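K.L.:
Just passing along the structure, written as structure tokens.
The values are calculated or read from the model by the stated rules, or taken from the named source; none is laboratory data. Keep in mind it's a predicted model, so treat the numbers as computed, not measured. Because the Cβ atoms are built from the backbone with ideal geometry, glycine has one as well, and the counts that use them run over all protein chains shown. For accessibility, only protein heavy atoms count, side chains too; no ligands or nucleic acids. Shrake-Rupley method; radii C 1.70, N 1.55, O 1.52, S 1.80 Å.
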Amino acid sequence: MAAETLKDRKNGAVPKDTSAAGAEPSADRTVRKNVAGPSEGALLAKSMLMFAALVAALAGVVALALQHDPKTKAAVVDFFPEEVVIAVEDATGLSLLTRGGFKRESKSVYSQDTKREPSVQFTVHFNGDGLSEGLSKSSADYPGLDALIRDACLALPEILSKVTNGDEKAAVQVCEPELGAKLFTDRGRRVLSFFDIEDGQRTYVVPQGLNFVWPLAKVGSVWHPDSVESPVPGKPIALRQLSMSPRVFTVENFMSPDEMDAILEHNRELLKPSEVGFAGWRDKTRTSSTAWDFHSWAARKVQKRSFDLLGMEFQSDMADAVQVLRYNLTEWYKPHTDWFAEKAYDGHDPKVNNGTNRFATVFLYLTDVEEGGHTVFPLSKTHEGYNGEQLVKPGTERTAGYIAQSDAEWVCNTSSTALRSEPKAGNAVLFYSQEADGSLDKLSLHGGCPVIKGTKYSANVWIWNRPKPRKDQAKDGKPANSNGIEMRFHNARGEAVELFWDDGSDKGVFQVVLGPGEYSPMTTYHGHSFFARVKGGTERIFSFTANDKDKGKEKIATIN
Ligand SMILES: O=C(O)CCC(=O)C(=O)O
Ligand SMILES: [Fe+2]
């Protein structure tokens, strides 16, 4: 079975070639102006654009300008292809005067002129952990940032051992900045030198192999990330924490009206029922319509902004195409996880052998919805307004991606206290499919509640923790969409069943849980066999082998 089969089932139509991403948008060139006064920074940035060589001269100019005070000296202390930092040394030591230019990509390098960095006090916490006290550090105690990162990372052995599954050798490696251990501020800025840290700030160490996740504060807290620029002047992007577990945030002011219009314009005519292959038939777990947007400038721009939001470098092979959705009246998407639990490709577990899976979803609200259409998180018990009620049947959370129909209906019901994120044009909801240590988060179960009034347009930006598996890594070696057999399994029994791909082993390869009456679409190939068991049972109650003669037909395999 190909990896795409699972995408088909979970998320609708699968594009033929996810690498066919089209023209890259022009890079979001962000002038960093948090340190310098805006006018100095902007001026400097302009100068640099014209002549990089001017940089050195500029430092001289600044130095000259300051000559009236004999105690001050200026020097270029940090020079990247796209950024310059000029520091002024005065009686109190080195203090930063100005910084301008564009995002840098290289590692921190220190000045040739002066190796001194500012002396700052700050705390270091582990990735994602906004709740502990953290380790108190002073830049003055370290010869450089790398030494600090290594030391702070290794000083958190208990958390570290979760990341490395207790492997001490691995712990030394994942804490090594040369190999990729990083430090971030509590505003999502990658720390490349001590200049990036403000006195008293919290910072987060991210071991090699992991990505930064937004640390948890108090539910209801709001902050403005440094990692991303607002597309709407005067309306800064704000992160509002909705839940601790799963890790969910509203992202306010994430898109401009022009961007939303452009995405809608580009995709309106392309929307098709979310499950492909069978004209006129809709899987009842997902009734929306879908279009995959590889090309529109706006989708690419918002996708890139989503990487910025997450503090990650944009990499096209770490994202799916933007998936645009339309929900008409009563349409919905039953709760599910966005990550792939099934072993459709080698290495679906991010914690094993550099595995990769979906890491985070930035779910875009492209229109307001008059009523309904909320994104619901049925397993959250850490949000405002939750009253302790039993939202889903006990045990559901042990079966990733499964929820009983009646529970799904209940959590969308306005009288339940489940966490629901309101669809509001221009906003997004950010949630993580993985925990800060790289494990898949079963509690990230979520769905789109039925639209009660109006139409909901929205879109998924999916970001993976590492480059996605190549199609030829699918378990059966068959590349995607290689002329497979499109079919559906139907559970006609009154109890939930588990479907397995028969790989010849006793256990088989788990595919999906089918509740009573449920269907699951599947792309498979001639000769491939499947079997089913009653959920939790051991006996095989059904078997099926795909046959090429079923190609192009509405093949349904009924489990009864
Ligand atoms: O429509 C929503 O609010 C959520 C949709 C969703 O979870 C998905 O498309 O994967
Ligand atoms: Fe989803």
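K.L.:
Quick one: Ser482 ticks every box in (1) at pLDDT 80 or above; (2) hydroxyl-bearing (Ser, Thr, Tyr); (3) more than 16 Å from ligand 1 (Cβ to nearest atom) bar one, so which box is it?
P.N.:
(1)
K.L.:
Is it the case, given these coordinates, that Arg420 is within 16 Å of ligand 2 (Cβ to nearest atom) and free of Cβ contacts under 8 Å to residues at least 60 places away in the same chain? Can you show your working first?
P.N.:
Details: within 16 Å of ligand 2 (Cβ to nearest atom): yes; free of Cβ contacts under 8 Å to residues at least 60 places away in the same chain: yes.
It is true that Arg420 is within 16 Å of ligand 2 (Cβ to nearest atom) and free of Cβ contacts under 8 Å to residues at least 60 places away in the same chain.
K.L.:
All but one of (1) closer than 28 Å to Val352 by Cα; (2) touching a Lys or Arg at 6+ places or on another chain (Cβ under 6 Å) hold for Gly209, so report the exception by its number.
P.N.:
Looking at each condition in turn, Gly209 falls short on (2).
K.L.:
Could I ask something else about it? In segment 171-189, is there at least one residue being in a strand (DSSP E or B), in contact (Cβ under 8 Å) with a residue 60 or more places away in the chain and crowded, with 21+ Cβ neighbours inside 10 Å?
P.N.:
As a first pass, look at segment 171-189 and keep what is in a strand (DSSP E or B): 182-185.
Retained after the next criterion (residues that are in contact (Cβ under 8 Å) with a residue 60 or more places away in the chain): 184.
The next check asks that each one be crowded, with 21+ Cβ neighbours inside 10 Å; those that pass are 184.
Looking through segment 171-189, at least one residue is in a strand (DSSP E or B), in contact (Cβ under 8 Å) with a residue 60 or more places away in the chain and crowded, with 21+ Cβ neighbours inside 10 Å.
K.L.:
OK, next. Can you name the strands (runs of 3 or more DSSP E) wholly within segment 400-464 that have at least 2 residues being open to solvent by less than 30 Å² (accessible area, probe 1.4 Å) and over 30 Å from Phe184 (Cα atoms)?
P.N.:
The qualifying strands (runs of 3 or more DSSP E) are 446-448, 456-464.
K.L.:
Additional query: Is segment 287-300 home to any residue that is more than 16 Å from ligand 1 (Cβ to nearest atom), surrounded by fewer than 21 Cβ atoms within 10 Å (Cβ to Cβ), of a type in the set (Lys, Arg) and modelled with pLDDT of 90 or more?
P.N.:
no
K.L.:
Could you grab me the full set of residues in segment 534-552 that are within 37 Å of the chain's Cα centre (by Cα) and assigned to a loop (DSSP other than H, G, I, E, B)?
P.N.:
Lys535, Gly536, Gly537, Thr538, Ala546, Lys551, Gly552
K.L.:
Which numbered condition trips up Glu252, out of (1) surrounded by 17 or more Cβ atoms within 10 Å (Cβ to Cβ); (2) of a type in the set (Asp, Glu); (3) under 30 Å from Tyr519 (Cβ atoms)?
P.N.:
It fails just one condition, (3).
K.L.:
Are any residues in segment 370-391 touching an Asp or Glu at 6+ places or on another chain (Cβ under 8 Å) and in contact (Cβ under 8 Å) with a residue 60 or more places away in the chain, and if so, which ones? Before you say what the answer is, go through the steps one by one.
P.N.:
Of all residues in segment 370-391, those touching an Asp or Glu at 6+ places or on another chain (Cβ under 8 Å) come to 374, 378-379, 391.
Scanning segment 370-391 gives His374, Pro378, Leu379.
K.L.:
Scan (1) in contact (Cβ under 8 Å) with a residue 40 or more places away in the chain; (2) within 26 Å of Ala217 (Cβ to Cβ) for the single condition Tyr402 breaks and write down its number.
P.N.:
Here Tyr402 meets the rest and fails (2).
K.L.:
Suppose we filter Glu518, Glu495, Glu539 for residues that are open to solvent by 40 Å² or more (accessible area, probe 1.4 Å), within 23 Å of His336 (Cβ to Cβ) and touching a strand residue (DSSP E or B) at 6+ places or on another chain (Cβ under 8 Å); which single one remains?
P.N.:
Answer to the selection: Glu495.
K.L.:
With (1) open to solvent by less than 30 Å² (accessible area, probe 1.4 Å); (2) within 20 Å of Tyr386 (Cβ to Cβ); (3) touching a residue at least 60 places away in the same chain (Cβ under 8 Å) as the list, and Gln241 as the residue in question, which single condition is left unmet?
P.N.:
That leaves (3) as the condition not met.
K.L.:
Kindly provide the set of residues from segment 410-431 that are over 17 Å from Glu252 (Cβ atoms) and either polar (S, T, N, Q) or at pLDDT below 95 (or both), ordered by number.
P.N.:
The answer is Asn413, Thr414, Ser415, Ser416, Thr417.
K.L.:
Is segment 379-393 home to any residue that is within 13 Å of ligand 1 (Cβ to nearest atom) and either of a type in the set (Val, Ile, Thr) or in the same structural domain as Thr337 (by TED's automatic domain parsing) (or both)? Outline the logic, then answer.
P.N.:
Start the filter on segment 379-393 by keeping residues that are within 13 Å of ligand 1 (Cβ to nearest atom), which leaves none.
Looking through segment 379-393, none of the residues is within 13 Å of ligand 1 (Cβ to nearest atom) and either of a type in the set (Val, Ile, Thr) or in the same structural domain as Thr337 (by TED's automatic domain parsing) (or both).
K.L.:
Another one. Considering each residue of segment 336-366, count those that are under 27 Å from Ser421 (Cβ atoms) and either away from ligand 2 (no atom under 11 Å from the Cβ) or not assigned by TED's automatic domain parsing to the domain that holds Tyr402 (or both), and give that number.
P.N.:
First, the residues of segment 336-366 that are under 27 Å from Ser421 (Cβ atoms): 336-342, 348, 350, 356-366.
Checking which are either away from ligand 2 (no atom under 11 Å from the Cβ) or not assigned by TED's automatic domain parsing to the domain that holds Tyr402 (or both) leaves us with 340-342, 348, 350, 356-357, 359-360, 362, 364-366.
Residues meeting the conditions: 13.
K.L.:
Could you tell me how many of the residues in segment 326-363 are within 13 Å of ligand 1 (Cβ to nearest atom), over 17 Å from Val376 (Cβ atoms) and more than 16 Å from the chain's Cα centre (by Cα)?
P.N.:
Counting residues in segment 326-363 that are within 13 Å of ligand 1 (Cβ to nearest atom), over 17 Å from Val376 (Cβ atoms) and more than 16 Å from the chain's Cα centre (by Cα) gives 2.
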